[in-house]
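One structure below.
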Amino acid sequence: MGSTRSSALMQIMQIEDQVGNVINGKKYIKIQHYVRVLKDLSGHAILKVENPEDMGRLVELRKNSTKAKEYLKTYEHMLNEYNVLLRELAVRKRSLKAELFG
């Protein structure tokens, strides 16, 4: 029983580390930022964002161009993948806590 509890506790700590690494990771923060920038209705007509297929390469886009809309869809898809991962980790953590604390 003791080793099972300690194993569950270790897994919870690993999950918390994974979540922290994801939400504090540069890529996740950049994706969130670019989704906000591309969705924002106010501001400049020309935006500088990274190409989603080649993160690290800045491109200039017109705010309402088809390319900007494509980039927004790509970034939203990437953000959704991260959100799915975070939800799965939260479910796993919740089940481990239930196992630990009844």
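Read the figures in this text as sums done on the coordinates, not as results from a lab. Quick caveat, the model's predicted, so the values are computed rather than measured. A quick note on method: Cβ atoms are made from the backbone with ideal geometry, for glycine too, and the neighbour counts reach across all protein chains shown.
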Inset, instruction - Just grab the label-to-label distance for A98 and A45, each label 7 Å out from Cα along the Cβ direction, in nm (one decimal). - result: 5.5 nm
Inset, instruction - Just report the Cα centroid separation between the range 86-102 and the range 3-20, whole Å. - result: 10 Å
Legend entry - Bins of 10 Å, starting at 0 and running to the largest distance - Cα pair percent for the chain: 14, 35, 21, 16, 10, 4, 0
Inset, instruction - Scan the chain and note any complete DSSP helix (H) whose C-alpha atoms cover at least 15 Å along its axis and whose Kyte-Doolittle average is -0.5 or more. - result: 2-23
Inset, instruction - Would you tally the net charge around K69, using a Cβ to Cβ cut-off of less than 12 Å, leaving K69 out, and scoring K and R as +1, D and E as -1? - result: +3
Inset, instruction - Quote the charge dipole size of the range 9-102 about the Cα centre in Debye, to the nearest 20; the model charges only the Cβ of Lys and Arg (+1) and of Asp and Glu (-1). - result: 280 debye
Legend entry - Net charge over other residues, Cβ less than 15 angstrom from the Cβ of G56 (K, R count +1; D, E count -1): +2
Inset, instruction - Evaluate the relative contact order of the range 2-101 (contact order divided by residue number), counting alpha-carbon pairs under 8 angstrom at least 6 apart; express in whole percent. - result: 36 percent
